[in-house]
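Take a look at the structure set out below.
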Amino acid sequence: MVAPWNGCLCWGQVRAAGDLTGGILGADGKTGAKPAKPRRRHGWHLRRPPRRRDEAVEPDSKVVSGTAAVGKTSARFRKIPGETIYGALDLGTNNCRLLLARPAETGFEVVDAFSRIVRLGEGVSQTGEISQGAIERTIKALRVCSNKLKWWNVERCRLIATEACRMAANGEEFIEQTRAEIGLDLEVIDRETEAGLAAAGASPLICGKAKSVVVFDIGGGSTEILWLNVGGGRYKISDWTSIPAGVVTIAEKFGGKQVNSESFAAMRAHVAELAQPFAHRMRNGSEHNPVPDHLLGTSGTVTTVCGIHMNLRRYDRARVDGAWIMGAEVGAVTNDLLSMTYEQRASSPCVGPERADLVLAGCAILEEIRNIWPADRIRVADRGLREGILTSLMNEDGNYARPTQTE
């Protein structure tokens, strides 16, 4: 399984679009430069779509892979007649996220985004069904997404649902309800597709000198782990796995609010048991070094840990996305979180009350990944499935890395 390439300013000029042989790295094979911040123009808010009172949006400064090239005025938040806007929706066990973008010289440029914690999978691991409360929360968030898709006249989009809808006995019923009430046609993807999209979204942050990388995506209901071989300016997914353990399912199984060293150790032991078959396969494969050149994490857990390590007063994606963090630093943050009460975790600016009961479950998964593949460095990616979807759609149309249209 090979994922398409997703360009990024920090990788330099993109040479070509991805193909079936692997993702393409930057022309110079180097990393380090940060994506350009979008320029704000007076009155930009007047051209944005109407916002519902209950709508929570991502910060205006949030810029992802494929932002406008340095030195060029961004057309962000403005409709351009005849342009094609692409959409990607990721409905996970914990979050509902939407990303809208137009093709740009560097890959694509984000025009609008939305993110809300809905906890669709709350209780699914125990009851086997999505609760009515979770359905109502998620429907409200999806209505916001639907309004944005309509306002931007999005015709090319992919709307995916993951582990919660795969697990729940009433998952298909929920999909039908969404289609009937909102008009959104959600696609429940399998774990292999989810793993490939996660790798595609994060792959621009692979170090240019790396020969092997372990990519992991800690979700709400499952965790995807992929071994990538890198060479000749391309990457290839050599092997992958998806384990039925995410921040929501682990927290529900072992408790998330009151966590001590014993319950945390139990979390880790459970994750280790699930991940060991894949780790054993990697260790015994003749082509694999048991330790990759670095880890690449894309999830709320790893971005939260990085933000705490940086002592951020509020989460700042521009500083976190693409940052490097050492293994010992991850361990120090985990120990600090483990020593806190639930209330202290909730008051942390990079955790907050909505994630305070989930963050240590994520840390348990992260610690076991580090234990199995003890690479010195971890690269942090605040990007994932949505970016992978946008790249694949634009590649299909031959529009990826196409210059932005002007009026």
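Quick notes on this structure:
- For ASP239 and THR193, the difference between the fully extended length at 0.36 nm per residue and the C-alpha to C-alpha distance is 15.2 nm.
- Paramagnetic reach from LEU338 (point 7 Å along Cα→Cβ, amide N under 19 Å) across the stretch 347-381: 356-375
- Hypothetical label at ALA169: residues of the stretch 108-131 whose amide nitrogen lies under 13 Å (7 Å Cα-Cβ projection): 124-131
- P(r) tail for the stretch 156-234: Cα pairs beyond 16 Å make up 59% of the total.
- Column: log10 I(q)/I(0), Debye, Cα scatterers of the stretch 206-381, q = 0.10, 0.11, 0.12, 0.17 Å⁻¹: -0.36, -0.44, -0.52, -1.02
- At q = 0.14, 0.15, 0.16, 0.23 Å⁻¹, base-10 log of I(q)/I(0) for the stretch 110-220 (Debye sum, equal scatterers on each alpha carbon): -0.68, -0.77, -0.85, -1.38
- Cα-projected label distance for LYS150 with ARG402, points at 7 Å along beta-carbon direction, nm: 2.7 nm
- Mean separation of Cα contacts under 8 Å (6+ apart) over length of the stretch 206-381, as relative contact order %: 29 percent
- Taking amide H atoms as placed 1.01 Å from N in the peptide plane, the amide H of CYS157 lies under 5 Å from those of GLY87, each 5 or more residues away in sequence or on another chain.
- If you sort the three axes of the alpha carbon gyration tensor as a ≥ b ≥ c, you get a/c of 1.5 or more for the stretch 144-197 and a/b no higher than b/c, which makes it oblate.
- Taking Cα centre as origin and charging only the Cβ of basic (Lys, Arg, +1) and acidic (Asp, Glu, -1) residues, the dipole magnitude of the stretch 206-381 rounds to 460 debye.
- Tensor-based shape of the stretch 262-355 (alpha-carbon gyration tensor, a/c under 1.5 rounded, otherwise prolate or oblate): oblate
FYI, it's all coordinate maths here, none of it is from the lab. Note that this is a predicted model, so its numbers are computed, not measured. Here Cβ is always computed from backbone atoms with ideal geometry, including for glycine, and neighbour counts include all displayed protein chains.
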